[in-house]
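**Student:** Handing you this structure, nothing more for now.
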Amino acid sequence: MLDERWQGRSGPVERLNRLLARVLAEAAATGGPAWAVQAPPHEPDGTPAPVLLLNRLSTLRYHRADAHAAAWQEAGLTAAEMVAMSEGSAWTPQRRAVEDETNQRAAPPFAVLTPDERLAMLADLAALP
């Protein structure tokens, strides 16, 4: 299914896999408990490149999940309070502060990439349907 969906996109997939391998290695230093359960992603020999990409992106989501949980806990909030703040279209200033803190906590692994590599990563992600 991924091969069909990303057919003709081997360039972006391969470039993303190379960049994400470095980001994942760096993320080990700041990952939390969810990250620890998922990392490293399962990558047996012969795994198709699209599956590697999906697994690497999925594993990074757990790094961000740990960052998000740490941010709302530091703000003195519970999971239920965070869910309640998600309702409706406008974020409260408190929710915005939690999201900003999440972004700060989730960012360190990406520092391993140069600014040009980060832009290339965004462009390659945007090129995938």
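Read the figures in this text as sums done on the coordinates, not as results from a lab. Since the model is a prediction, treat every value here as computed from it, not as a measurement. Don't worry about glycine lacking a Cβ; one is built from the backbone with ideal geometry, like all the others, and counts go over all protein chains shown.
**Student:** Calculated from DSSP H runs of 4 or more alone, at -39500 (n - 2.57) each and per residue, what is the 222 nm mean residue ellipticity of the chain, nearest 500?
**Tutor:** Result for the chain, helices only: -21500 deg cm²/dmol.
**Student:** Using only Cα atoms, tell me the angle between helix 49-74 and the longest principal axis of the chain; keep it within 0 to 90° and round to the nearest 10.
**Tutor:** Around 10 degrees separate the two axes.
**Student:** Let me ask another. For region 44-125, with only Lys/Arg (+1) and Asp/Glu (-1) charged at the beta-carbon, what is the dipole magnitude about the Cα centre, in debye rounded to 20?
**Tutor:** The calculation lands at about 60 debye.
**Student:** Can you give the angle from 0 to 90° between the axis of helix 93-106 and the longest principal axis of the chain, with both taken from C-alpha atoms, to the nearest 10?
**Tutor:** Between the helix axis and the principal axis of the chain, the angle is about 40 degrees.
**Student:** Now a separate question. Rank-order 35-43, 48-56 by packing density, defined as the average count of other C-beta atoms within 10 Å over each peptide's residues, highest first.
**Tutor:** Ranked from most to least packed, the peptides come out as 48-56, 35-43.
**Student:** A follow-up question, please. Per residue, how much space in cubic angstrom lies within the convex hull of the C-alpha atoms of the chain?
**Tutor:** It comes to 137 Å³ per residue, whole-number rounded.
**Student:** Find which of ALA120, PRO48, LEU24 sits farthest along the positive direction of the dipole of region 2-127, computed with +1 on the beta-carbon of Lys and Arg, -1 on that of Asp and Glu, about the Cα centre.
**Tutor:** ALA120
**Student:** Continuing with this model, one more query. May I ask you to compute the full-extension gain from GLN94 to ALA49, defined as 0.36 nm times their residue separation minus their alpha-carbon distance, rounded to one decimal in nm?
**Tutor:** 12.2 nm
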